[in-house]
Structures are given as structure tokens and as C-alpha cells.
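All remarks here apply to the structure that follows.
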Amino acid sequence: MSVVMLKDRAAAFEAIDGVEEGGFRDAVLRGLALPHKMIPSRFFYDERGSALFEDITRLEAYYPTRSEMAIFEGHGADIAAHLPETRALVEFGSGSSLKIRAMLKAMPQLTHYAPIDISGEMLTREAQALSADFPDLEVVPIHADFMSPVELPKELREIGKLAFFPGSTIGNLEPYEALEFLARVRDTVGTGGHLLIGVDRKKDTETLVRAYDDPEGVTAAFNLNLLARANRELEADFDLSGFAHEARYNADRGRIEMHLKSLKEQAVSIGACRFDFTEGETIHTENSYKYAPDEFRLLARAARFEPVATWTDANERFAVYLLQSEG
Ligand code: AVI
């Protein structure tokens, strides 16, 4: 049983209450005060975390990126053949440069490409690079958080749209959030619009766990970087050698879980707050849901998307679904 010990209760509550809702400090202080400690996975991606994630995508053990890429490269023409009326590709989150390039090449009928991203810097960099390489394409960057409703510029409203959400990022959402997300995408593409989405499949536990606990230790460094980030940004004093990366497959929930396990009884200070850890207690840092094709199609239908086609890689580890909005 873990308890939150506060050095100075008044200062600690002020620290918790006085911070910007949704920020890193807020999330860490609130998450570590819960009976089952947690920090939301969106905070992995500071500069160091984003670089480590890039490294993960190149690991032999982490099959999702190259499996999905093989699908876009091998089936691009077939995907495009399903979309003769599509003129605009709207990407939810930019930065998947290789994947977007494969799709843009496969779909010469596109007139517009609209990446949506919360990071203005990333958006500008990607938009400039793509404009240079695809001079006939109008690139319309949209600076927004795609976890909230996104309004498209006028020029995109009347043309056929394909939303693009690769990388199995939907797996990092809780199923109810995934449903809400799909419903928002449906509103964005409008009746008859499409969504092309990459989703990791359920498979044997060994392959799944290895992908999230690679022999090189890159995913361990990615997970532990959350504590290093708290030390850098929040005046925390996590002893990184006192925590170990753990990846487990929770078969009942159909998800990989990442945790940071305390290797001993210890206390950690974050500003005025003190958090006690028992030996073996964990901070839950990520869920990555895996969907069997029937499960994902059910989820899509619940969001009023009709599955049009499904492509998988040669090892059947990953799936790309084309869905059409029923309006
Ligand atoms: C970004 N997201 C889809 C990755 C995943 O597979 O859930 C994040 C990740 N976590 C550990 N390895 C990769």
C-alpha cells in the first residue's frame, strides 16, 4: 500500500492546485498521488524522449513501424485505387515522414495535404520539406491538438478527404477515448470521407513483450527518461538506478503495459511533495492496446465508420484499415 507523504501539506497542495491543468507537473503530482501510481504516456515525448522513440522504431524487436511501412509500400497502389474521389489527405499528427511520402507518391490525384500537429515547429519543418518534394501539392499546415475537434480551412471543406492516422497511435488511447477520437475524425472528413489507420494486432505474448522490452534496452531508456525529465523539469530527485523498466502483456485488457518498478523501499521528493514507494511498487506509464481485426472493425462501426478494406504485412502482425464515414 502506498501513501503520499507531504513534507508541508499547505505548500504541497498549493503546488498541486496552482499548476496549469494538463501540464507535466500537474500530471506527475496528481498521478503519483493515486493509489496505483501513474504518469500519462503523452509526457514521454520531450526532446530526449522523441529521439529515443525514433531509435525504438528502428529496433529489430519493435516490429510495428517496419511492418506498417511494408504495407504502405507494398499496397499503396491498391489503397489509392479505393480512393478515386479523394483530393485531400489530412494527417492527424505529423512527423511520420516516410509513411506520408509513400502515400503521397501512391496518390497523384491529391491536390492538398493538411498535417495537423500540436507542435508548430514540427509542422513548419515537415510542411517545408514536403512542399519542396511535391511542388504540385498544396500543403496546408493546421496548428491544433487533434484530441479536440479540428476545424478545417475553407478550401478543404468541399473536397473528398482521407484522414491518415498511422503508427498504431490509437493503441495508446483507452478504448472509450479511441471511440471519441474516431467520432471526431468522422466529423472532420464528413459523410463519405475516409480514414486510413494503422493498428497493431493481437499476437503471441513473447513477440509483444519483446517489442516493448528490447534486448538493447532502448525502450527501458525511453521509459526511465520520464523520471529523468521529472528531475530536469520539476526539481524531483528520482534515483534512476532505483527503478527498473517493466513491460507486461495484460491479456484480459488486450494491452501491453509499461511500468517503472521501484527496486527498493524509497522516498522521492518533487518540490514540496514527498512520495513513498514500497519495494516492487510500480508507476504505470503506458498502455498500448492491441486489436484483433474483428475487434477493431467493431470499434470503427461503433463510431459510424464502415470498414472498406484491410491490409496486413506478410507476418500478419500489423493491420492497415480503410474506413468510410457513414455520416
Ligand atoms: C507511439 N506508440 C504507438 C508506441 C506504441 O507502440 O505504443 C509508443 C511506444 N512505447 C514503447 N515503445 C513504443
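Here are some notes:
- Test for Tyr249: is it in a strand (DSSP E or B), crowded, with 18+ Cβ neighbours inside 10 Å and in contact with an Asp or Glu (Cβ under 9 Å, 6 or more places away or on another chain): yes
- When we screen Asp204, Asp187 for residues that are at negative phi, away from the ligand (no atom under 15 Å from the Cβ) and in contact with a Pro (Cβ under 8 Å, 6 or more places away or on another chain), the only hit is Asp187.
- Residue within segment 124-131 that is touching a Lys or Arg at 6+ places or on another chain (Cβ under 9 Å), in the same structural domain as Val199 (by TED's automatic domain parsing) and assigned to a helix (DSSP H, G or I) present: yes
- Residue match in segment 53-71 (condition: more than 15 Å from the ligand (Cβ to nearest atom), among the small types (Gly, Ala, Ser) and within 27 Å of Trp311 (Cβ to Cβ)): yes
- Top-ranked residue in segment 208-256 [being farther than 22 Å from Glu47 by Cβ and out of contact with any strand residue (DSSP E or B) (no Cβ under 8 Å at 6 or more places or on another chain); ranked as farthest from the ligand (Cβ to nearest atom)]: Ser241
- Complete set of residues in segment 28-42 that are more than 16 Å from the ligand (Cβ to nearest atom) and either crowded, with 16+ Cβ neighbours inside 10 Å or closer than 14 Å to Thr282 by Cα (or both): Val28, Leu29, Gly31, Leu32, Ala33, Leu34, Pro35, His36, Lys37
- Within segment 189-246, considering residues that are assigned to a strand (DSSP E or B) and under 18 Å from the mean Cα position of the chain (by Cα), the one surrounded by the most Cβ atoms within 10 Å (Cβ to Cβ): Val199
- Residue check for Asp204: over 29 Å from Ser94 (Cβ atoms) and touching a residue at least 12 places away in the same chain (Cβ under 8 Å): no
The values are calculated or read from the model by the stated rules, or taken from the named source; none is laboratory data. Keep in mind that what you see is a predicted model, and the values were worked out from it rather than measured. When we count neighbours, we look across all protein chains shown, and the Cβ atoms used for this are built from the backbone with ideal geometry, even at glycine.
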